[in-house]
Amino acid sequence: MVDIHSHVLHMVDDGSGSLEESIDMLEKCIASGVDAIVATPHLCPGAFIAPTEYRDQMLVALREDVERRQLPIEIFSGRECYLTPE
């Protein structure tokens with residue numbers, strides 16, 4: 001099963017606050033049958049504007065930790081894009 005909307009990346013938006021919290025979230029997803037997840041941090045002008053380079057750094061860090069722990073889940077990159085804050 002693929003989860004196509006998550007805030008699993010740590011320290012990017014109002015989602016996970018730490019790498020450990022992200023791993024805990026992924027472990028719960030795995031236990032629920034998720035084997036692929038799309039990390040979709042907010043991209044909203046004026047509210048959430050994490051630069052792509054920073055987002056990518058957090059994604060790499062998370063993927064490396066998932067691999068080190070041998071967790072059976074694939075993480076894809078995405079965004080939750082807003083046209084306006086409303």
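What 222 nm value per residue comes from the helices of the chain, counting each DSSP H run with n ≥ 4 as -39,500 (n - 2.57) and dividing by all residues, nearest 500 deg cm²/dmol? Please list the in-between numbers first.
Details: 2 runs with 31 residues, N = 86.
About -12000 deg cm²/dmol.
For the chain, which whole percent of the accessible surface, found with a 1.4 angstrom probe, sits on carbon and sulfur atoms? Present the calculation step by step, with values, prior to reporting the outcome.
Values: 2920 of 5130 Å².
C and S fraction of accessible area: 57 percent.
Within 10 Å of each candidate Cβ there may be at most 12 other Cβ atoms; applying that plus a DSSP loop requirement, which chymotrypsin sites (Phe, Trp or Tyr not before Pro) in the chain survive?
Values: sites: F48, Y54, F76, Y82; in loops: Y82.
Of the chymotrypsin sites (Phe, Trp or Tyr not before Pro), not one in the loops of the chain has a Cβ with at most 12 other Cβ atoms within 10 Å.
Placing +1 at every Lys and Arg Cβ and -1 at every Asp and Glu Cβ, with all other atoms neutral, what dipole size does the chain have around its Cα centre, in debye to the nearest 20? Each step should come with its number before you reach the end.
Working: 6 positive and 16 negative charges, 21 e Å.
In total the dipole reaches around 100 debye.
Equivalent-ellipsoid semi-axes (√(5λ), Cα gyration tensor) for region 36-78, whole Å, largest first?
Details: eigenvalues 108, 24, 7 Å².
Over the Cα atoms of region 36-78, the semi-axes work out to 23, 11, 6 Å.
Could you give the accessible area per residue of region 1-69, probe 1.4 Å, as a whole number in Å²? Show your work: numbers first, answer last.
Details: 3780 Å² over 69 residues.
Here the residues of region 1-69 average 55 Å² of exposed surface.
The values are calculated or read from the model by the stated rules, or taken from the named source; none is laboratory data. Predicted model, so just to flag it, every value in this text is computed and none were measured. When we count neighbours, we look across all protein chains shown, and the Cβ atoms used for this are built from the backbone with ideal geometry, even at glycine. To get the accessible areas, we keep the full protein, side chains included, count just its heavy atoms, and leave off ligands, DNA and RNA. Shrake-Rupley method; radii C 1.70, N 1.55, O 1.52, S 1.80 Å.
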